[in-house]
1. So between PHE238 and VAL134, what do we pick up on full extension, going 0.36 nm a residue minus the alpha carbon distance?
2. Using Cα pairs closer than 8 Å and at least 6 residues apart in sequence, work out the relative contact order for the range 258-341, in percent.
3. Please list SER436, SER411, SER148, SER37 in order of solvent-accessible area, largest first, computed with a 1.4 Å probe with all protein chains present.
4. When the chain is fully extended, how far beyond the present Cα-Cα distance does LYS126 get from LEU442, taking 0.36 nm per residue of separation?
5. Using a 7 Å offset from the Cα along the Cα-to-Cβ direction at both PHE359 and ARG252, what is the distance between the two label points in nm, to one decimal?
6. Could you list which residues have their amide H under 5 Å from that of SER34, counting only those 5 or more apart in sequence or on another chain, with H placed in the peptide plane?
7. Jot down the radius of gyration and Dmax of the range 122-242, Cα atoms only, both in angstrom.
8. Counting Lys +1, Arg +1, Asp -1, Glu -1, what net charge surrounds PHE173 among other residues with beta carbon under 12 Å of its beta carbon?
Amino acid sequence: MTHRLRLNALQQIVLGYVIVILAGAFLLSLPAASEDSRTQPFLDTLFCATSAVTTTGLTVVDIGSAYSLFGELVILALFQIGGLGYMLLLAGILTGLGGRLSLSSRVLLRESMARPPRVDMLAYGKFIVGLTLVVELTGTLGLAWLFSADYPAQEALYSGFFHAVSAFCTAGFGLDADSLSGTRQSAAIQLVIHVLMGLGALGFLVIHDLLAGKKRGEGCKREKASLQSRLVIKTSFFLAVAGTALVWLGNRQVPQVIPLGQQWLDASFQALSAATTTGFYTLDIGSLPMATLWVLIALMFIGASPGGSGGGIKTLSFALLLTYLRDHLAGRADTVVGGNKISPLLLNKVLALVSLALFWIMLATGALLFTEDAELSGILFEVVSALGTVGLSTGLTADLTPFGKSLILLSMFAGRVGPLLLGYSLFRRSKKEHYSYPEADLALG
């Protein structure tokens, strides 16, 4: 008697990402994808494909010189798939061709896509695709016009398109070996990238809520944004402002002859790049003071907001964690935000997510200390960047051993699907327990 392997929805989502990554790695390993028409090592192409699908941006080679146009377009397609979610793209293609989603496909789409309450799933999916097209097209035209001052029209258009999609998907892939360092003194280009990164990290949930509230409030008083949107916006704004100030202060430890305005532009760009988990850089990360690296690690760990393509533990989890600690230390029985009680189940998820992320960082950093010829600060930065799907590096990525590449690859994958979702897919029981255990009385210290 044969038994079919039955996967739950979460396991199918994880498996789907694995299949997309393996397909991308195969395409990148083809001679046509390489600039010199040679086959690249499969581990390197697997690393690049994982980095693209997880919208991280870490690479072991310079994609602008190592890959052909075909290879670059494969990478672009992979981080576009990663940014939107492969299930959403499949649903969009199927419904666009006049087909209908099966019940199992609807379940997968619902599990893979965070959406507002009382909003039709397919309608929200169309909103995501439509918004993505509008933002990326606008960003492409803006960057192409700015790049045309230094490049031929065709090259400027392609570069604008590649970087606009990369920024909005918070992927951080660039066509130059030094990321966006060449645009460091262009406030206009940096402003466009700022907006694209910010919108991508803010998340579709918040943008949908703000636009829906404006529409509902036409002709009368504007409807108030949801509690989630208010928490996300306030936390994101605080992290961006505080991060910029701290990065500027950290960089001041090294004597500089750079104009003050450029210092603040550098600090703002680098802080936002880390906080949105995009991973573009205009400064040499490896030469930054230790204080600045600490600020970037903290921003990368917290990350972007729910419902978008960014990584990290998410701004909402960070806000709820701080609120929980405040109320717990104050001796309050409940955690209250904006006049609303936060359910213990949601708080348990936050605590589990943060604990799993810290546990992964501790284990991965410790393991790499045994195998890599690098200092603790560089390894810790690399691990947090991978798990937060950021893509910033102190220069360690290209020098990783095969074991190091594999562990960073797994960290990127865990960061994209989410440590909590990955844990649920591996350990969650299909049947609920209909009994409880007696409480234990333990002393913590």
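The values are calculated or read from the model by the stated rules, or taken from the named source; none is laboratory data. From a predicted model like this one, the values you see are computed outputs, not experimental measurements. As a convention, Cβ positions derive from the backbone with ideal geometry for all residues, glycine included, and neighbour counts pool all protein chains shown. Keep in mind that these areas ignore ligands, DNA and RNA; they rest on the heavy atoms of the full protein, side chains included. Shrake-Rupley method; radii C 1.70, N 1.55, O 1.52, S 1.80 Å.
1. That pair, PHE238 and VAL134, stretches by 34.7 nm at full extension.
2. Relative contact order of the range 258-341: 19 percent.
3. Output order, biggest surface exposure first: SER436, SER37, SER148, SER411.
4. Working it through step by step, the gained length comes to 108.6 nm.
5. Using points 7 Å along Cα→Cβ, the separation is 4.1 nm.
6. Answer set, sorted by chain and number: SER68.
7. In Å, with Rg to one decimal and Dmax whole: 16.6, 52.
8. Here the count lands on -3.
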